[in-house]
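The values are calculated or read from the model by the stated rules, or taken from the named source; none is laboratory data. Just so we're clear, the structure is a prediction, and the values are computed from it rather than from any experiment. Cβ placement follows ideal geometry from the backbone for every residue including glycine, while neighbour counts extend to all protein chains displayed. For the accessible areas, the whole protein counts, side chains as well, though only heavy atoms, and no ligand, DNA or RNA atoms are used. Shrake-Rupley method; radii C 1.70, N 1.55, O 1.52, S 1.80 Å.
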Amino acid sequence: AALKTAHELLDAERYTRPPVYAAPLYAAAAMVAEYRGKHGEADRLLEILADTWSSSDLAKVTEHPHATWCKHTGPIYLRRGQFDVVERLVAAGELPRIGHEGDRLGLLCELVAATGSWDRADSVVAETRATGQAYGLQALQAHADRLEGRASLASGDDRGGRALLAAARDRFFALGDRWEAARTVLDLAAAGADADVAAAGALFTTIGALSEAAAARRLASSRQPAGH
């Protein structure tokens with residue numbers, strides 16, 4: 001819907017050559033397309049973003065053409081298992097920008113968990129918490145809680161891990177981020193904690209997040225009492 005609105009505001013010839021200020025909408029649309037299984041559409045939008053990057057001053061700022069919009073482009077590459085690309089997206093710049101640092105560190109937390117690089121967890125959690133506190137980026141505290149919780153579970157600390165995941169879920173909910181809260185619910189359920197998997201699954205189904213909806217169904221089924 002947001003991309004359609006952008007098209008209504010742009011001249012037709014700019015649909016595939018958007019100005020930089022419209023590019024975040026294309027990045028978000030690419031992520032949504034990927035979540036909904038429309039990989040070709042996601043690729044088309046990523047190509048537009050790369051063209052936008054190459055013809056702007058952003059080419060002097062980031063190494064990878066999709067790094068400026070890593071909050072939305074990063075999850076695409078994570079889902080595809082292209083972790084080498086994500087490493088480039090989260091590379092620290094020489095001139096950190098507050099908003100981008102928040103997006104970069106949130107994605108870095110996801111990369112560490114997705115690759116099981118638990119030896120990196122402590123330093124990434126510390127950097128994420130410090131940056132969140134320094135700049136008042138409350139979402140980073142939730143990302144740090146979740147990564148620390150996932151790492152704790154991986155080390156065998158089930159009780160501590162579940163407590164941290166619950167804290168992350170509650171932080172995301174308090175910030176109005178239903179998507180990240182619901183994703184954290186899946187972590188909690190997988191760890192054997194009480195969690196509202198049905199509500200999370202309903203959200204994923206409504207927005208068309210295919211993999212997450214399927215994961216919620218599997219978890220709900222595994223938690224059904226015998227005979228049901």
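Some values worked out for this structure:
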{"quantity": "List Leu210, Leu89, Leu186, ordered by accessible area with a 1.4 Å probe, largest first", "calculated": "Leu210, Leu186, Leu89"}
{"quantity": "0 to 90° range, to nearest 10: angle between helix 121-135 axis and the chain longest Cα axis", "calculated": "60"}
{"quantity": "Theoretical FRET efficiency, 1/(1+(r/R0)^6), r = Cβ-Cβ of Lys60 and Ser123, R0 45 Å, to 0.05", "calculated": "0.95"}
{"quantity": "Share of carbon and sulfur in the accessible heavy-atom surface of the range 21-155 [1.4 Å probe, %]", "calculated": "52"}
{"quantity": "Label-point separation in nm, Ala198 to Arg17, each point 7 Å along Cα→Cβ", "calculated": "5.4"}
{"quantity": "Cα-based Rg / Dmax (Å) for the chain", "calculated": "18.4, 62"}
{"quantity": "Rounded accessible area per residue of the chain, 1.4 Å, Å²", "calculated": "52"}
{"quantity": "Top of Ala202, Ala29, Ala113 by mean-square fluctuation, Gaussian network on the chain, Cα under 10 Å", "calculated": "Ala202"}
{"quantity": "Cα-based shape type of the range 12-84, given that a ≥ b ≥ c are square roots of the gyration tensor eigenvalues and the cut on a/c is 1.5", "calculated": "oblate"}
{"quantity": "Accessible-area value, Ser221, 1.4 Å probe, nucleic acids and ligands omitted, Å²", "calculated": "80"}
{"quantity": "Surface/4 of the Cα convex hull for the range 120-226, nm²", "calculated": "7.2"}
{"quantity": "Volume per residue of the C-alpha convex hull in the range 163-215, rounded to whole Å³", "calculated": "64"}
{"quantity": "Charge-dipole axis of the chain as Lys and Arg at +1 and Asp and Glu at -1 on Cβ define it, positive-most pick from Leu58, Gln133, Ala174", "calculated": "Ala174"}
{"quantity": "Full-extension gain in nm, Asp43 to Ala154, via 0.36 nm per residue minus C-alpha separation", "calculated": "36.6 nm"}
{"quantity": "Net length gained if the chain between Ala130 and Arg80 were fully extended (0.36 nm per residue, minus Cα distance)", "calculated": "15.0 nm"}
